[in-house]
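Comments concern the structure below.
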Amino acid sequence: MKKFTYSAIVAAAAMSIAACGGASKGGYTVTGTVAGANDGDTVYLATQTTRGMEMTDTTVIKDGKFTFEGVEDSTVYYYATGVADKKPFMVDFFLEAGNITLKVEGERSSASGTPNNDAYQAIKDELIAFHEKTEAVYESIGDSTLTDEQREAKLKEAEQFEKEYGEIVRNGVTKNIGNPVGIFLFKQTYYNNSAKENEELLAKIPANYQNDPQIMDIKKLTEKRKLTDVGTKFTDFEMRSPEGKTVKLSDYAGKGKVVLVDFWASWCGPCMREMPNIIEAYAQFKDKGLEIVGVSLDQDEKAWKGAIEKMKMTWPQMSDLKSWKCEGAQLYAVNSIPHTVLIDKQGTIIARGLHGEELKSKIEEALK
């Protein structure tokens, strides 16, 4: 289960090193305020690099405001950061030609005044409103007075929130795919899309971005993903079982059972949090024709086997202990886990990336 806030996008964005190039050469003025700050407090202009956060400019707050001025010949993802009232602050924005206004107010922080910042802020405003709508439900899940039925209902509601959150971001990408904002967010979220969706979005990216290294990598992954996308026959691979025996996916898939391939790892926190849902699905459907095949991206054999035992995973498992170089993950273009691939009785892939109630519903449908 994922709790959604605007900061979730910032966290994902912080992992992106590539900047968004453009043709907006000219001077910029960044003017901002920081809630709780005092005159004399320092504000840094920073960007993410392969070495971590790099400070490129600094200023101090005067008369309640801070200002950065300079020239930028492209549109680049940046942060204004510092410490106010002994608490760190950070606001993300697009540094580009024009007059940019920043307001640092925690989750309500904003950037406006230039085309890309206005477009980005519109998406962030939707995410902030969404967070406020869902906050009460997430808080109530931890209420010890809830019955099991009430808690289950809350969890289902939270799962629906995940879809709504994804739709907000997806719409933001689609609307802005021709500018740096859409391309930037596409880089953070492409792995949630089908190969067809990525292909359509890639075709709309302007020519001056087509040679961006990350965009080129996404193109390659999309081509690979098309070979194992929904509607295609499963691609076979072989690895070792925990007992050291050679096993193949074809030992299970295409033999009259619905097969769920679960890509996971013992070191993956989200995988461990999702595992109870997988266990529940197996208990519910194993006698009705479901088989699960776990494909681990572990490197440590002891950790892999330990997690299987601890979580009581009683279905077939396989691994080549190569982490992200796992043959199965490479063949199926898996670049985030947990990731599921659902294969019907005839061996055709019918779903990818499903979790929780959505996964159970699709399994039940496939078993009919």
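Details
- Cross-link pairs Lys133/Lys368; Lys103/Lys224; Lys133/Lys233; Lys226/Lys312; Lys226/Lys368; Lys87/Lys175 - those with Cα-Cα distance over 31 Å: Lys133/Lys368; Lys103/Lys224; Lys133/Lys233; Lys226/Lys312; Lys87/Lys175
- Whichever aspartates and glutamates have a C-alpha closer than 16 Å to that of Lys219, once near sequence neighbours (fewer than 8 apart) are set aside: Glu197, Glu199, Glu200, Asp229
- Given Lys156/Lys204; Lys163/Lys187; Lys220/Lys325, the pairs whose alpha carbons are separated by over 24 Å: Lys156/Lys204
- When you filter the trypsin sites (Lys or Arg not before Pro) in the stretch 222-287 for DSSP loop state and at most 10 other Cβ atoms inside 10 Å of their Cβ, you are left with Lys245.
- Per residue value of the accessible surface for the chain (all protein chains in place, 1.4 Å probe), Å²: 49
- Förster-model FRET efficiency, 41 Å R0, Glu238 and Asn171, C-beta, rounded to 0.05: 0.50
- Solvent-accessible area of the chain (1.4 angstrom probe, protein heavy atoms only): carbon and sulfur portion equals 50 percent.
- Residue among Glu243, Glu159, Glu72 with the largest mean-square fluctuation in a Gaussian network model of the chain, springs linking Cα atoms under 10 Å: Glu243
- Beta bridges by DSSP in the chain, antiparallel share as percent, to the nearest 5: 75
- FRET efficiency estimate (nearest 0.05) - Cβ-Cβ, Ser323 to Lys226, R0 30 angstrom: 0.80
- Estimated at 0.36 nm per residue, the fully extended path between Lys255 and Asp85 surpasses their Cα-Cα distance by 54.8 nm.
- Averaged over residues, the count of other Cβ atoms within 10 Å places the peptides 113-119, 91-97, 38-44, 355-361 in the sequence 91-97, 113-119, 355-361, 38-44, highest first.
- With the largest listed first and rounded to whole Å, the semi-axes of the equivalent ellipsoid of the chain from the Cα gyration tensor are 42, 24, 19.
- The angle between the Cα long axis of helix 115-141 and the longest principal axis of the Cα atoms of the chain comes to about 50 degrees, rounded to the nearest 10.
- Put simply, the C-alpha atoms of the stretch 48-112 give a gyration tensor, and the ellipsoid matching it has half-axes of 19, 15, 12 Å, longest first.
The values are calculated or read from the model by the stated rules, or taken from the named source; none is laboratory data. Nothing here was measured: the structure is a model prediction, and the numbers come from that model. Note that each Cβ is placed from the backbone with ideal geometry, even for glycine, and that neighbours are counted across all protein chains shown. For the accessible areas, the whole protein counts, side chains as well, though only heavy atoms, and no ligand, DNA or RNA atoms are used. Shrake-Rupley method; radii C 1.70, N 1.55, O 1.52, S 1.80 Å.
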